[in-house]
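*Asks:* Before I ask anything, let me first share the structure, which is written out below as structure tokens.
Values quoted throughout were computed directly from the atomic coordinates according to the rules given, and no laboratory measurement underlies them. Model, not experiment: these values are computed from the prediction. Every residue, glycine among them, receives a Cβ derived from its backbone with ideal geometry; neighbour counts consider all protein chains shown.
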Amino acid sequence: MSKNLLAAIHLITPPERHTTEAYARDADGFRLDGGRNPKAVCWCILGAMDKCGVNEVEWAALVHYAREEWCIFSLTDLNDGEGGHARALQAMWAVQVSGEST
């Protein structure tokens, strides 16, 4: 199990800490570049994974899961599409539990 992926999951589990159409947002709702900005209060799946240092193997496993499960080919589309928050968490947990996140 990956500590970094688990940290990203916990970071965006509360709906108020998840966002769309931006890596991260500040308290006023303004877009921030990258997930590691210290002003960030909410993140998309990509921003959370950036902030928590999720590795390339885990990124690839998440893309593979989204493609197989929903025919979605990018993590941006996964995060920003219908059911994005729930689907992002489902994919992250599936990869974390499967052990592909090593």
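*Asks:* I need the trypsin sites (Lys or Arg not before Pro) found in the stretch 34-102, filtered to DSSP loop residues with at most 13 other beta carbons within 10 Å of theirs. Don't jump to the answer; show the numbers that get you there.
*Replies:* Numbers: sites: R36, K39, K51, R67, R87; in loops: R36, K39.
Those satisfying the criteria are K39.
*Asks:* May I ask you to derive the relative contact order of the stretch 3-98, considering only C-alpha pairs under 8 Å and at least 6 residues apart, and to give it as an integer percent? Display every interim value, and only then the final one.
*Replies:* Working: 147 pairs, mean separation 25.9, N = 96.
Dividing the mean separation by the residue count of the stretch 3-98 yields 27 percent.
*Asks:* Can you give the longest stretch of the chain with no exposed loop site, where a site means chymotrypsin sites (Phe, Trp or Tyr not before Pro) in a DSSP loop (not H, G, I, E or B) with at most 13 other C-beta atoms within 10 Å?
*Replies:* Values: sites that count: F30, F73.
The longest such stretch corresponds to 31-72.
*Asks:* Still on this structure, please answer the following. Calculate the FRET efficiency for D28 and N55 from the Cβ-Cβ distance with a Förster distance of 22 Å, rounded to the nearest 0.05. Don't skip to the end; give the middle numbers.
*Replies:* Working: r = 32 Å, r/R0 = 1.44.
According to the calculation, E is roughly 0.10.
*Asks:* Subtract the Cα-Cα distance of E68 and L6 from 0.36 nm times their separation in residues, and report this length gain in nm to one decimal.
*Replies:* 20.2 nm
*Asks:* Projecting each Cα onto the charge dipole of the chain (Lys/Arg +1, Asp/Glu -1 at the beta carbon, about the Cα centre), which of H18, L75, A86 comes out farthest on the positive side?
*Replies:* Of the options given, the answer is H18.
*Asks:* Can you tell me what the convex hull of the Cα atoms of the chain projects to on average, as an area in nm²?
*Replies:* Details: hull surface 22.2 nm².
Averaged projected area of the chain's Cα convex hull equals 5.5 nm².
*Asks:* OK, next. Which GluC sites (Glu not before Pro) in the stretch 49-102 pass both tests, a DSSP loop state and at most 10 other beta-carbon atoms within 10 Å? List each step's numbers first, then the result.
*Replies:* Details: sites: E56, E58, E68, E69, E82, E100; in loops: E82, E100.
Counting only loop positions with at most 10 other Cβ atoms within 10 Å, the GluC sites (Glu not before Pro) in the stretch 49-102 are E82.
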